[in-house]
1. Could you calculate, for region A:50-178, the ratio of the Cα radius of gyration to the Kirkwood radius, expressed as Rg to Rh?
2. Percent of accessible area on region A:97-194 owned by carbon and sulfur, 1.4 Å probe?
3. Under a plain spin-label model, where a point goes 7 Å from the Cα along Cα-to-Cβ, how far apart in nm are A:Asn140 and A:Thr103?
4. With a/c under 1.5 counting as rounded, go ahead and sort region A:67-118 into rounded, prolate or oblate using the C-alpha gyration tensor (a ≥ b ≥ c being the square roots of the eigenvalues; past the cut-off, prolate if a/b is larger than b/c, else oblate).
5. Which lysines does A:Lys212 reach when only Cα atoms under 21 Å apart count, and residues fewer than 8 places away in its own chain are ignored?
6. Please report the buried accessible area for the interface of A with B, total over both chains, probe 1.4 Å, in Å² to the nearest 100.
7. Could you do me a favour and compute the accessible area per residue for chain A, 1.4 Å probe, result in Å²?
8. Among the trypsin sites (Lys or Arg not before Pro) within region A:142-221, which fall in a DSSP loop and have no more than 11 other Cβ atoms within 10 Å of their own Cβ?
Amino acid sequence: MPFIDRAQASLHSCFSTTRFGYGTNAEERDAMNRRLRNALKGLTAPDVERRRRAMEPFVRATFGIFIRYLYRYLGNEVECEDVLEDVYADIWEKADRLRNITTERELLRTVYLYYMRKRLRQVYRRINRNLCLSQRDMKNLVAPELGILEMMSQTELRQALRQMLNRLKARERRAIELWMEGVSIRAIAIELKTTVGAVKMLKFRTMLKLKKMLRDYCYEY
Amino acid sequence: MPETNREIQELLVDYAGALRDGCIPTFLKSLTREEAQSIASSREFWDATEVARILNSVGFADNAVTPNVSLFISRVNAEIASRLKKAKASSRRGKRATGARPLAKRED
């Protein structure tokens, strides 16, 4: 089937490290870190103008990381940009939390906990009044607590997922690969020569299996 | 028209689909009271949503990265400028409330 070839090609490009946006060699990564470090220093300065000047290099250095992270929860480019705009303005207003940050992982964790989470919770607050879902479940769905998987970087996730997919059964792997290509459940059912209900169950079980495998992977490394 | 009383695996697939298509509000609005209750009590659902988010991130997050960050930076600058303006306006209002007005009245 032609869309299967497309799915495999797309998945291959998904997992290739060059698309991550950091560049591949250590020198390039260090250069970005230095830029980010300088921007962070400027952001935490008491002078308003200096903070404002530091904002541009900070946004340039972190935009890719932050928007990919937000996309995890929202799945919508427009909403991601709106939330991120507020997050950056909040950071500019009160950057105290970013004072002693040394690594990108720490930066992402701090920004999520103290800036992004609050904004993510506000995204669907308006519609929450008319929903059957409780306030707590809504929060957990849109802006959950940080689990061990949530803190893995994009590169680590790609690597881990590639390994885990190879350990799945062929049918399970195919279902997930097609899903990640954007194929509908009905089309997956046709491809796997089964029913829509069976694909839903297969996907659910495979995701639980993946969760267990990813958790074990995290503890191992 | 949303299906009523979906099973937990159906709810998970619908959530993952909504996340992939960027229409989470549609999924949230489609939930009935019974479905919301079964979501709340299902540990498996919450475990699977974590994986759904990761698949979404690995598979589609690159779509969100715009090649031209400059436009976004100008939006951030505008937001900062607007907050600065608001802060200045409120501090001016605060000053007026604390002392400037009564002084002017006394001169009259």
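The values are calculated or read from the model by the stated rules, or taken from the named source; none is laboratory data. Keep in mind it's a predicted model, so treat the numbers as computed, not measured. Glycine gets a Cβ as well: all are built from the backbone with ideal geometry, and neighbour counts include every protein chain shown. Surface areas here come from the heavy atoms of the whole protein model, side chains and all, with no ligands, DNA or RNA. Shrake-Rupley method; radii C 1.70, N 1.55, O 1.52, S 1.80 Å.
1. 1.03
2. 43
3. Inter-label distance under the simple model: 2.9 nm.
4. It comes out oblate by the Cα gyration axes.
5. A:Lys169, A:Lys200, A:Lys203
6. 5900
7. Value returned for chain A: 51 Å² of accessible area per residue.
8. Answer in residue order: A:Lys169, A:Lys193.
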